[in-house]
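Notes follow the structure.
The values are calculated or read from the model by the stated rules, or taken from the named source; none is laboratory data. On a predicted model such as this, the values are computed, not experimentally measured, just so you know. Don't worry about glycine lacking a Cβ; one is built from the backbone with ideal geometry, like all the others, and counts go over all protein chains shown. Just the protein is used for accessible areas: all its heavy atoms, side chains included, with ligands, DNA and RNA removed. Shrake-Rupley method; radii C 1.70, N 1.55, O 1.52, S 1.80 Å.
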Amino acid sequence: MTRRALITGVTGQDGAYLARLLLSKGYAVVGGSRPAAARDIWRLREVGVDRDVKIADLELLDSSNILSVIERERPDEIYNLAAQSVVSSSFQTPVLTGDADALGAARILEAVRKFNPLIRFYQASTSEMFGDANESPQSETTPFCPRSPYGVAKLYAHWMTVNFRNVDGVFACSGILFNHESPLRGLEFVTRKITHGFAAIALGNRDCIELGNLDARRDWGFAADYVEGMWRMLQSEKPSDYVLATGRSHSVRDFCEIVAETVGLDLAWQGVGIDERAIDIKTGRTIVRINKDFYRPNELMPLVGNATKAQRELGWRPAMTFSELARTMAERDLKLAQR
Ligand code: NAP
Ligand code: F7E
């Protein structure tokens, strides 16, 4: 029988890659997306599945809507990817972020328990739950210490996932994923902001971009590798929680340097602190300025993940390296800007 999957947040980056993966495995895929949002399915188009995914109106804030989608679509697996996912915005909208990211997951789990506790459930958890962790790299056993409303909301959803598994016997997995990027990444996030901005600068369509902390470090992988890990979690014999990560951290500065080289900019750093900037040596023009507004409060411990458990139990490992990722994203944005 054809397996049925419901992906909440299907219009997002991971939603598109996961929909493509599940369709390639023969699933019927229903994608949840907010009815209120000006729905844009460009990512589904980009990966060539816009005609194959059935879109259902789904709002994380609305329990009865969630239950009726599950009753109607009868999924065997639910991947809860929907969220207010921008960490910096969560400082401005902590209550809304909590309602969607924390209670949204609880609403889905509650609907699963009521309608069919045999549905397998994946929760999109995050390295932001580690926040100011007391060790590095972070693994499934590292104590959580979130430092953003987003991280706090996701931690509630994580514990609800664990609780529905332990108390109610739901096959529920929490995937604790470190940053993963792609040409489908939103422009709010630093990697795509850089590739999109530098491509425009290289073609003379823009002068400069503004960034925050150039020395902030993240563990960046490729989104298409990570959705494979999500699927593997729900196929395993026993539900559990898994970190997915590359195990290597890089700085925003490292990312800028690879992208600049890829799009043909000759980048050099000058100055220090808030006065630091990047120039293009060929033209002498400033292409990166620092803007304090893009600094985050409380970025203390470098976030870098230990995915040994996922490697051992799921056979998962990321394929794309950091420099391949930066180059792939830069080349794609250069092509888009040339069009
Ligand atoms: P994304 O591109 O921001 O996609 C999230 C989607 O959620 C949006 O497209 C939006 O779609 C939907 N959404 C937002 N609020 C909603 C609401 N109230 N009700 C229903 N849908 C809502 O995020 P992503 O990068 O694909 O990440 C997928 C998930 O993994 C998110 O939960 C994120 O927090 C988590 N995560 C991401 C990363 C990463 O590095 N990418 C790492 C760890 C965890 P509509 O506007 O169409 O409704
Ligand atoms: O920031 C630094 C910033 O916004 C990465 C989400 O998918 O991954 C993502 O959250 C780093 C931070 O991603 C700018 O301070 C410097 O250290 O791309 P980002 P994020 O906040 O790590 C996690 C795992 C998720 O779960 C989230 O949903 O880059 N940074 N300058 C900047 N960041 C931004 N956005 N803009 C800057 O100008």
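Each peptide in 288-295, 211-218 was scored by the mean count of other Cβ atoms within 10 Å over its residues; highest first, the order is 211-218, 288-295. Computed extension length for Asn205-Ser323: 40.0 nm, one decimal, from 0.36 nm per residue of separation with the Cα-Cα distance subtracted.
Kindly provide the pair-distance distribution of the stretch 193-273 built from C-alpha pairs, with 5 Å bins from 0 and whole-percent values in order of increasing distance. Whole-percent P(r) values from 0 Å outward: 3, 12, 18, 17, 15, 11, 8, 7, 5, 3, 1.
Excluding same-chain neighbours fewer than eight residues apart, the aspartates and glutamates reachable from Lys292 by a Cα-Cα span under 17 Å are Glu188, Glu210, Asp215, Asp275, Glu276. Against the main long axis of the alpha-carbon atoms of the chain, helix 190-202 sits at an angle near 40°.
Using only the C-alpha atoms, the convex hull of the stretch 56-112 corresponds to 73 Å³ per residue. Would you give the gap between the C-alpha center of the stretch 216-261 and the C-alpha center of the stretch 113-162, rounded to a whole Å? Measuring centre to centre over Cα atoms gives 16 Å.
Peptides 135-148, 316-329 ranked from most to least packed, by the mean per-residue count of other Cβ atoms within 10 Å: 316-329, 135-148. Tell me which lysines have Cα within less than 25 Å of Lys309's Cα, excluding those fewer than 8 residues away on the same chain? Leaving aside lysines fewer than 8 places away in the same chain, those within reach of Lys309 are Lys25, Lys154, Lys238. Heavy atoms of the protein chains alone define the surface here; on that basis the stretch 93-163 has 38 Å² accessible area per residue at 1.4 Å probe size. Ordering 229-238, 200-209 by mean Cβ neighbour count within 10 Å, with the highest value first, yields 229-238, 200-209.
Sum up the charges of everything whose Cβ sits under 10 Å from the Cβ of Ser33, counting Lys and Arg as +1 and Asp and Glu as -1, but leave Ser33 out.
Neighbourhood net charge equals -1.
Computed on the stretch 87-147, with alpha-carbon pairs under 8 angstrom and 6+ residues apart, the relative contact order is 21 percent. Multiplying each eigenvalue of the alpha-carbon gyration tensor of the stretch 28-133 by 5 and taking the square root yields semi-axes of 23, 19, 14 Å, largest first, rounded to whole angstroms. Close amide H partners of Ile176, meaning residues 5 or more places away or on another chain with modelled amide H under 5 Å apart, are Tyr242, Val243, Leu244.
Using a probe of 1.4 angstrom and keeping all protein chains present, the accessible surface of the stretch 254-337 works out to 55 square angstrom per residue.
Summing +1 for each Lys or Arg and -1 for each Asp or Glu among the other residues whose beta-carbon sits under 15 angstrom from that of Pro117 gives 0. In units of the rule-of-thumb radius 2.2 N^0.38 Å, the chain shows an alpha carbon radius of gyration of 1.00. Relative contact order, percent, of the stretch 1-85 when contacts are C-alpha pairs under 8 Å separated by at least 6 residues? Answer for the stretch 1-85 is 40 percent. The Kirkwood radius of the stretch 275-339, taken over pairs of alpha-carbon atoms, gives through the Stokes-Einstein law at 25 °C and 0.890 mPa s a diffusion coefficient of 150 µm² s⁻¹. Coupling constants for the stretch 130-143 follow from the phi torsions by the Karplus curve (6.51 cos²θ - 1.76 cosθ + 1.60, θ = phi - 60°), and in residue order they are 6, x, 8, 5, 9, 8, 8, x, 9, 10, 4, 9, 5, x Hz; glycine and proline get x.
The alpha-carbon atoms of the stretch 3-87, seen along their principal axes, cover 31, 30, 22 angstrom, with the largest extent given first.
Within the stretch 272-339, what whole-number % of the accessible surface is contributed by carbon and sulfur, with the 1.4 Å probe and all protein chains included in the calculation? The C+S portion of the solvent-accessible surface of the stretch 272-339 is 48 percent. What the phi angles of the stretch 38-46 give under the Karplus curve with 6.51, -1.76 and 1.60, with θ = phi - 60°, is a coupling list of 6, 5, 10, 9, 4, 6, 5, 5, 4 Hz, glycine and proline written as x. Distances between every pair of Cα atoms in the stretch 1-41, grouped in 5 Å steps from 0 to the bin holding the largest one, split as 6, 25, 32, 20, 11, 5, 1 percent. For the chain, a simple Cβ point-charge model (Lys and Arg +1, Asp and Glu -1, everything else neutral) yields a dipole of about 680 debye relative to the Cα centre.
Give me the percent of the accessible area of the stretch 1-129 that comes from carbon and sulfur atoms, probe 1.4 Å, all protein chains in place.
49 percent
What does the net charge come to around Ala202 if you take all other residues with beta carbon closer than 10 Å to its beta carbon, with K and R at +1 and D and E at -1?
Residues near Ala202 contribute -1 overall.
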